[in-house]
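In what follows, a single structure is set out as structure tokens and then discussed.
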Amino acid sequence: TPTDAPAAKPSKEGPAALAKDTQAATLLPEDVKKAGVIRVGAEVGYAPMSFFDADGKTIIGAEPDLMAAVGQALGVKVEWTNTAWDGIFPALNSGRFDVVVNAVTDTKEREAQNDFVQYFSAGSALLVKKGNPKKIQGLADLCGKTVALQTGTQQVDIVKGQQAKCGASKIKVLVYPADSGAVLQVRNGRADAGMQDFPAAAWNAQRAGGGKLFEVLTSEQYKPGSYGIVIAKNRTQLRDAIQAGLKKAIESGAYAKILEKWNISAGSLTTAQINGAQE
Amino acid sequence: MSGPMVSAQGVHKHFGDLHVLKGIDLEVAPGEVVCVIGPSGSGKSTFLRCVNHLERVDAGKVLVDGEIIGYHEKDDGLHEMSHAEVARQRSTIGMVFQRFNLFPNMTALENVVCGPIWVNGENRTGAVERGRRLLDRVGLADKVDGYPAQLSGGQQQRVAIARALAMRPKLMLFDEPTSALDPELVGEVLDVMGDLARDGMTMLVVTHEIGFARGVADRIAFMDGGSIVECGTPAQVIGQPRHERTRAFLSKVLS
Amino acid sequence: MSGPMVSAQGVHKHFGDLHVLKGIDLEVAPGEVVCVIGPSGSGKSTFLRCVNHLERVDAGKVLVDGEIIGYHEKDDGLHEMSHAEVARQRSTIGMVFQRFNLFPNMTALENVVCGPIWVNGENRTGAVERGRRLLDRVGLADKVDGYPAQLSGGQQQRVAIARALAMRPKLMLFDEPTSALDPELVGEVLDVMGDLARDGMTMLVVTHEIGFARGVADRIAFMDGGSIVECGTPAQVIGQPRHERTRAFLSKVLS
Amino acid sequence: MINPVPAAEPARVHRRPRWGSRVLAAAILFFLLFLGQSVVSNPNVDYHVVVQYLFNIEIMRGLLVTLVLAVLAQLVGVALGAVLAVMRMSDNSVLRSMAGAYIWFFRGTPILVQLLFWYNLSLWFPTISFGVPWGPTFVEVTTTAVMTSFVSAALGLALNEAAYMAEIVRAGILSIDRGQTEAALAMGLTPRRTMTRIVLPQAMRVVIPPTGNEFISMLKTTSLVQVIAGDDLLTKSLNFAHINSQTIEFLIVASVWYLLLTSVATYGQHHLEAYYSRGSSHNGGGPPGPTLRARLRGNLFSLRRAERGAA
Amino acid sequence: MINPVPAAEPARVHRRPRWGSRVLAAAILFFLLFLGQSVVSNPNVDYHVVVQYLFNIEIMRGLLVTLVLAVLAQLVGVALGAVLAVMRMSDNSVLRSMAGAYIWFFRGTPILVQLLFWYNLSLWFPTISFGVPWGPTFVEVTTTAVMTSFVSAALGLALNEAAYMAEIVRAGILSIDRGQTEAALAMGLTPRRTMTRIVLPQAMRVVIPPTGNEFISMLKTTSLVQVIAGDDLLTKSLNFAHINSQTIEFLIVASVWYLLLTSVATYGQHHLEAYYSRGSSHNGGGPPGPTLRARLRGNLFSLRRAERGAA
Ligand SMILES: Nc1ncnc2c1ncn2[C@@H]1O[C@H](COP(=O)(O)OP(=O)(O)OP(=O)(O)O)[C@@H](O)[C@H]1O
Ligand SMILES: Nc1ncnc2c1ncn2[C@@H]1O[C@H](COP(=O)(O)OP(=O)(O)OP(=O)(O)O)[C@@H](O)[C@H]1O
Ligand SMILES: [Mg+2]
Ligand SMILES: [Mg+2]
């Protein structure tokens, strides 16, 4: 057996069903109402936000639970599709997915293309090998070291920012298409540290290899930002409906329970803001 | 009175700048055997290929059994036929090539019967039976199921003749049918051709085998530089060639 | 007194179950021209290829100029030579093939000079100069820069002869050098071979050209079924063949 | 007998030992053993996981997707490739350059891009309608409904493959001796039937080996459909890897299946090759082929056959 | 003249119009125009971004990586492939089966897996040492230091390519007439020199077209090095895409460059082909080849040459 199969329960046993909010539901565009389903695209494999259960088929995690709650509030089902990161945004824009929920940080650049409904706040954290052999305490220690990151993430910006302050002893940055690829290099010793969103780093430290592989530096979270549910620009109705559904989940307490279940309450938001990127 | 089987009238052919046939006129009567001899490059093969429209003539025309080959004649000139019409004409003219050109993925029998079945739409049983008879006639009754690669050159060429005969042609064209054969195998092919001539088949034969031409041909045409230099009975052309070029050629080949 | 140039002693050769050479004994004296004739499949080519170890003999041995070809003789039998030693032996024996086998990616001159340069380590200028002379000798002074594909068959075969001569061989082997040629081109190649014979080259020639054999050969060997059936002067073998098989073969080829 | 040489008694012949290649072979073997030992006994890889998941139902599903996609795409690719090859050799210059442009474009851009294009076709064409241009429309459907992940994957792979197959089929057609065409035409077959009955069947001999290679590549190329949510073998395997960061183990699982698939494909390829080279006594084809030495020494027999042969 | 037929005056000859292919060509052209119009005028794609980023410095760097990797891997692949091909045809059965196993394994597993294997070699071998087995060690380095992203990428691609090239080179060697080998041996060349001076140079003619295809594939396969942090063209382009989610635009940027690279490669391939087919008047090779009709009608001239030719 995989030594560290997740202990979490599948989402169907998640929080108690949320009552349909008829007011929010009326905001839904006709096509979604008719289909009765919201189609979500994500590259699954970013625990605890979304990942595969031990059967290799069921998608579980905080995001599936959250979307389930939103769906209940809007009276529609939620359908997930696992797609490689490179293919996600074209599929969203071509109407293949209604939304992308994939720990996507809301940024100004991205807002220019799509709308975001924020649902979670997370900063980045450093992940190192168990025992911290390179004695890394913070960003400043990365100078002259090798760091493994996932492509297109906030962490790339953070590390590049630190890079500028390093002077002669540069940071070596390795970028991988999947988060798991980056984590593997920390385990491998090729990278001295990895940087991930805090929840993912915490999860890895706690679960990977039975908790014996990694540790996370908790002293500081870098550049906190908000994850947003991504929606195509031309679907403002859907955006508003989802915002309403999410608000309902927050108000009803379902939201808090879900975050608690996945041990990530630290990142909870009080409201579901639209396009609220900082800077 | 029936007309000629083949009638070539002022046939010209160019390949790019090369003027290969310079006005060929030749008639072959039904049942007649005409051998064409001449040096390499003189246009013998090209002329033969014009007869069944494997080459398009540039000027002049070729008639087989009274039909213009490859064209309909109309008021404003010759109009090219459709592929299907050309194919129908060709199906009545058998052709045997220097390099046999048997279909290597088919047995001897399959080679012989595929034409009748595909082109003439004969039924399989009948075609196979007749195919066996033809292979028997060329002395290959025991090789029906052999693939070309398992046959000697002489045997392959005899299959090729049987394949052409299977289409019940009115006319047979041969393009140096023995020149790719080992000397001892030449005889067996020439024998089959001799039989065919005696049975009354109309034949136009390009050959280097002067002995065969002398023995079997009704007339011999000597080609050089794209023209028929002289044409007559074997006794005339081989015995008393009138042209210097004919004499030079014959002395080389007979030496 | 010098020994024979070629001495084949009880040469046997099998291909799997096929016993192709059944004890061939033949000597060729220096300067002698021996022609080998015989029906297809009788083992003529195989024997010739044994002489320069393109085929390994199964029993018996072949000596050229007193050296066993392909083996060192020791107390416990014959020991195979290294590739380099075999190559050295072969470099002194010229061979001309039926299908010319010129290197198609090289010009006529390159074909001729590559052996001297690669194998004998001659310098380029000298080799090129001699190469030109050789091509001139076979009548191809104007074709030095032609690629094989641009030459006629007869010209190609003459280049092949020049290529073999460029290695200054003590012995020349010819395997049906004219049988892939158009009849009018045969003469030019036979002429070159005749000149070579008159210049005193030792030659072993497999051929179907009875006329050439009669005119040029010192002796003719008739092979059939893997054995030399009879061997003697042209007058003996062609004029008064002693064996029935020889007579049968000659009647076919000469007809 | 003219030459009174006493018949030599068969001399004992000693073959030359080949030290060079023996030593080389031993060295390679030794190295492989060392390598194998290190790989198998490595504590970083948990081979139990490999064995346990080899027949997992989800992996089996992925395997099926990979197989069906590859077979479908290859079949369509071959058919379309043959059409393109014939177009490429056509008299009509428009058809010819059309085919040329197709091949240029589809060979020139990454298959990843092509897959994303088909999957997201609705970006350009939100609906697909069948009807008379500027006239009545008979059927209209939304593009995303038609272009499912599977359809786009099959379509993308097939159209891409067709570009490669076109060149392969073309080489096959060109390899057939003109004599074959002429014999068929002289017999009274039309050019079209000459192509389909005589030339193409013979071209198969030349076409099959590279097509086999293409199919083997295709089996593995299917893994790119991950970007369009295709659940192929590799994607499915990596789903498990995400669970417990045992990436290597699940790559091994996938590799075992790929090796099996390609082995079966290679086996099938040999059988097809044998079928289509019937009548040919060339035995130079696929493995197990003649050794180099056998070629240098020579199978004169087969050469002679080839010379006599019609092709 | 024996046949007193009056010389026919040149008749006006009318070629048959080919309606079928004309209509087809027109239809395709029309369809393409329609397609092109839709693609270009599509509001979903911002072509300004494409133009703006086409010559971006990072994209240029990616282009360079792609080019260098592809050239390097292809060169090593060709060399190693030739060695494998010769091994595969060797007398020595150990060498033969070794080469067979190599080809089987490297063709049978996805290149993605192979790249990950080399990149993560340290999982199996944390250090690499050069020395006498079980004896003194001269140099010892950590595997991750040696196996950089670039080295693993080049190594992985090259070793994989070698397996494919082995089959291609082998086919090339087998295509050379035995007469060439025999002529060279008879001249006094050793088997090895016969192989290197006579057989391999001629085999190039057959080897180059598929090698060109391989290289074109290779250019695009390099994009898989993304998984091992290789900064190739496609990866660099997608990095931009991830910042602002304009994936399609950046895929177009990458595609433009890939099309350019493959076009240049195709051009180079034609020149190499022309060089290696010098002396051959076969003109059947690559595009622009003879049309099908030209083949059916026939260039007898080249056929005749081929018959006379030595090969
Ligand atoms: N398709 C072609 N394209 C260009 N030139 C050609 C073609 N076919 C034949 N030729 C040329 O036309 C001339 C006549 O060729 P043809 O084959 O008719 O001669 P031939 O008399 O049959 O000679 P041979 O005895 O060698 O067969 C030659 O110079 C030949 O090279
Ligand atoms: N490498 C080989 N493998 C198997 N059989 C062979 C081989 N080489 C020749 N043979 C067979 O050996 C016999 C003699 O062949 P060889 O080529 O020596 O005959 P030949 O007298 O030269 O005939 P030809 O006049 O046709 O050239 C033939 O039956 C031939 O098929
Ligand atoms: Mg001719
Ligand atoms: Mg022979």
ask   = Which residue, of A:127, A:184, A:149, is over 20 Å from residue E:231 (Cβ atoms), within 14 Å of another protein chain (Cβ to nearest Cβ) and either buried (at least 23 other Cβ atoms within 10 Å of the Cβ) or aromatic (Phe, Trp, Tyr) (or both)?
value = A:127
message = Looking at the stretch B:47-55, can you tell me whether even one residue there is more than 16 Å from ligand 3 (Cβ to nearest atom) and out of contact with any Leu (no Cβ under 8 Å at 6 or more places or on another chain)?
response = yes
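Yes/no per residue for (1) within 12 Å of chain E (Cβ to nearest Cβ); (2) more than 28 Å from residue D:215 (Cβ to Cβ); (3) touching a Pro at 6+ places or on another chain (Cβ under 7 Å):
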residue: D:19; (1), (2), (3): yes, yes, no
residue: D:35; (1), (2), (3): yes, yes, no
residue: D:59; (1), (2), (3): no, no, no
residue: D:92; (1), (2), (3): yes, yes, no
residue: D:98; (1), (2), (3): yes, no, no
residue: D:102; (1), (2), (3): yes, no, no
residue: D:108; (1), (2), (3): yes, no, no
residue: D:115; (1), (2), (3): yes, no, no
task = Identify, by number, the condition in (1) of a type outside the set (A, V, I, L, M, F, W, C); (2) away from ligand 1 (no atom under 16 Å from the Cβ); (3) without any contact (Cβ under 8 Å) to a residue 60 or more places away in the chain; (4) away from chain E (no Cβ under 14 Å) that residue C:207 doesn't meet.
result = (3)
ask   = Taking interchain pairs and intrachain pairs at least six residues apart, which have beta carbon atoms under 9 angstrom, with the first residue in the stretch C:161-175 and under 14 Å from residue C:5 (Cβ atoms) and of a type in the set (Lys, Arg) and the second more than 16 Å from ligand 3 (Cβ to nearest atom) and outside any strand (DSSP E or B)?
value = C:170/C:5; C:170/C:30; C:170/C:65; C:170/C:92; C:170/C:201
key: Answer residue from the stretch D:97-139, given it is in contact with a Gly (Cβ under 7 Å, 6 or more places away or on another chain) and more than 15 Å from residue D:224 (Cβ to Cβ) and is modelled with the highest pLDDT among those   = D:122
Residue, farthest from ligand 3 (Cβ to nearest atom), within the stretch B:65-78, restricted to residues that are out of contact with any strand residue (DSSP E or B) (no Cβ under 6 Å at 6 or more places or on another chain) and closer than 22 Å to residue B:3 by Cα = B:74
note = Per the filter on the stretch C:76-95, residues surrounded by 15 or more Cβ atoms within 10 Å (Cβ to Cβ), within 13 Å of residue D:16 (Cβ to Cβ) and among the aliphatic types (A, V, I, L, M) are C:78, C:81, C:86
remark   = The residue from E:246, E:269 that alone is surrounded by 24 or more Cβ atoms within 10 Å (Cβ to Cβ), polar (S, T, N, Q) and either farther than 30 Å from residue E:47 by Cα or in contact with an Asp or Glu (Cβ under 7 Å, 6 or more places away or on another chain) (or both) is E:246
query = Say we look at the stretch C:39-61 and pick out the residues that are more than 10 Å from every other protein chain (Cβ to nearest Cβ) and among the aliphatic types (A, V, I, L, M); which of these is nearest to ligand 4 (Cβ to nearest atom)?
reply = C:48
query = So how many residues does the stretch C:172-197 have that are crowded, with 18+ Cβ neighbours inside 10 Å and within 16 Å of ligand 4 (Cβ to nearest atom)?
reply = 8
ask   = Is it the case that residue C:205 is more than 16 Å from ligand 4 (Cβ to nearest atom), of a type in the set (Val, Ile, Thr) and crowded, with 22+ Cβ neighbours inside 10 Å?
value = no
key: Pairs with Cβ under 6 Å, 6+ apart, first in the stretch E:59-81 and in contact (Cβ under 8 Å) with a residue 24 or more places away in the chain, second of a type in the set (Asp, Glu)   = E:62/E:231; E:62/E:232; E:65/E:231; E:65/E:232; E:66/E:232; E:73/E:161; E:77/E:161
request  = Look through the stretch D:79-88, keep the residues that are of a type in the set (A, V, I, L, M, F, W, C) and within 10 Å of residue D:166 (Cβ to Cβ), and return whichever of them is surrounded by the fewest Cβ atoms within 10 Å (Cβ to Cβ).
outcome  = D:83
remark   = Selection over the stretch C:209-230 where residues are over 19 Å from residue C:139 (Cβ atoms), crowded, with 17+ Cβ neighbours inside 10 Å and not charged (D, E, K, R) yields a count of 10
request  = Report yes if residue B:73 is more than 16 Å from ligand 2 (Cβ to nearest atom), within 7 Å of chain E (Cβ to nearest Cβ), surrounded by fewer than 22 Cβ atoms within 10 Å (Cβ to Cβ) and among the charged types (D, E, K, R), otherwise no.
outcome  = no
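The values are calculated or read from the model by the stated rules, or taken from the named source; none is laboratory data. What you see is a predicted model; the values in this text were computed from it and never measured. Every residue, glycine as well, gets a Cβ built from its backbone with ideal geometry; the counts of neighbours run over all protein chains shown.
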